[in-house]
Amino acid sequence: MLPHPVLEVEDVAIRFGEVQALDGVSLRVNPGECIGLVGHNGAGKSTIVSVINGGLTPHRGTISGDGQSLLSYGIGVARNRGVRCVFQELSLCPNLSIIENTRIMHRNLGGFGWRAKAAAIIAKSLDLVFPNHGIDVSASVGSLSIAERQMVEIAMAFSDAGTPPRLVILDEPTSSLDAGLAAQLLAHVRRFVESGGSVLLISHILHEVLSTAGRIIVMKDGRISSERAAGEFTQAT
């Protein structure tokens, strides 16, 4: 018997005024797979990500996870279910340290000694995703380069402070990374998927998607226009 999807949306529709952002989208994310999500700007990728991340409530359709219907689905429920998201517009607070930003993300890291715990958690994740990164986790985010900020935010999404990540959504995750750092990230994505995790990878760099995803979903005009195994796609089609 196949395992239940980590998360599944069925016949989801969202309208913003006169704009039909999503029009009957059904998508399932299984344990142990990386899905490539591609399409032109305005295709609906960001909107379906916001639904999966709990940021938007569909006007029509259902959301379920692990075989159970999720009637009251929002950001808190998504996070408690291990859904993590790294948006293209980075969201770290530049006036705070990396450790303090880690505390914001993992709100259960309260109490005595939380700084040491947060430092250990983010340092471990950075070491796993970006070996030899050279980032001091006590540093202020504002002192980091854009590439380092992106690395920290990605590492936070894969970090575990008691609720392990199960589905990590990466939106253009290599936009500020050089080729070496991008290769490290994609290698970690493959390891994460091999261990049973799930990744939704959004990228305009097609060779990254083709080399990392097992399944590719193409969106157009708020709908899924194509969905096939990655091996059935090429950079031309």
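A compact table of results
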{"read-out": "Loop-exposed GluC sites (Glu not before Pro) per DSSP, neighbour cap 10 Cβ within 10 angstrom, longest uninterrupted part of the chain", "value": "90-237"}
{"read-out": "Whole-percent carbon and sulfur share, accessible surface of region 135-237, 1.4 Å", "value": "53"}
{"read-out": "Residue among VAL193, VAL77, VAL86 with the largest mean-square fluctuation in a Gaussian network model of the chain, springs linking Cα atoms under 10 Å", "value": "VAL77"}
{"read-out": "SER195 paired with SER91, simple spin-label distance in nm, labels 7 Å along Cα-to-beta-carbon", "value": "2.3"}
{"read-out": "Kyte-Doolittle mean at least 0.0, axial Cα span of 18 Å or more - DSSP H helices of the chain", "value": "114-129, 146-158, 179-194"}
{"read-out": "Label zone at ALA139, where the point sits 7 Å out along the Cα-to-Cβ direction: region 146-175 residues whose backbone N lies under 15 Å", "value": "146-155"}
{"read-out": "Antiparallel DSSP beta bridges within region 143-227, percent to nearest 5", "value": "45"}
{"read-out": "Considering only the chain, percent of DSSP beta bridges that pair antiparallel, nearest 5", "value": "55"}
{"read-out": "Euclidean distance between Cα centres, region 120-143 to region 1-74, Å", "value": "32"}
{"read-out": "Per-pair calculated FRET efficiency, R0 = 35 Å: HIS59 and SER175 via Cβ, rounded to 0.05", "value": "0.70"}
{"read-out": "Relative contact order of region 145-219, pairs being alpha-carbon contacts under 8 Å that are 6 or more residues apart, as %", "value": "31"}
{"read-out": "Whichever lysines have a C-alpha closer than 27 Å to that of LYS45, once near sequence neighbours (fewer than 8 apart) are set aside", "value": "LYS220"}
{"read-out": "Surface accessible to a 1.4 Å probe, per residue, for the residues of the chain, Å²", "value": "47"}
{"read-out": "Highest-MSF residue in the chain out of ILE146, ILE63, ILE169 [GNM, Cα springs under 10 Å]", "value": "ILE146"}
{"read-out": "Contour excess over end-to-end distance, with Cα ends at ILE146 and ARG107 and 0.36 nm allotted per residue", "value": "11.6 nm"}
{"read-out": "Accessible-area composition of region 1-105, carbon plus sulfur, in percent [1.4 Å probe]", "value": "52"}
{"read-out": "Counted charge near ALA155, where neighbours are those whose Cβ lies closer than 13 Å (Asp, Glu -1; Lys, Arg +1)", "value": "-1"}
{"read-out": "Mean separation of Cα contacts under 8 Å, 6 or more apart, over the residue count of the chain: relative contact order %", "value": "28"}
{"read-out": "Relative contact order computed over region 116-166 (Cα-Cα under 8 Å; 6+ residues apart), in percent", "value": "45"}
{"read-out": "Cα pair distances exceeding 33 angstrom across the chain, given as percent", "value": "17"}
{"read-out": "Charge context of ALA21, other residues only, Cβ under 13 angstrom, K/R +1, D/E -1", "value": "+2"}
{"read-out": "Magnitude of the charge dipole, the chain, Cβ model with Lys/Arg +1 and Asp/Glu -1, debye to 20", "value": "500"}
{"read-out": "Potential lengthening between LEU128 and HIS204 on full extension [0.36 nm per residue; Cα-Cα distance subtracted]", "value": "24.9 nm"}
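The values are calculated or read from the model by the stated rules, or taken from the named source; none is laboratory data. This is a predicted model, so every value here is computed, not measured. Counting neighbours? That spans all protein chains shown, and the Cβs are built from the backbone with ideal geometry, glycine included. Each accessible area value is taken on the protein alone, full model and side chains, heavy atoms only, with ligands, DNA and RNA left out. Shrake-Rupley method; radii C 1.70, N 1.55, O 1.52, S 1.80 Å.
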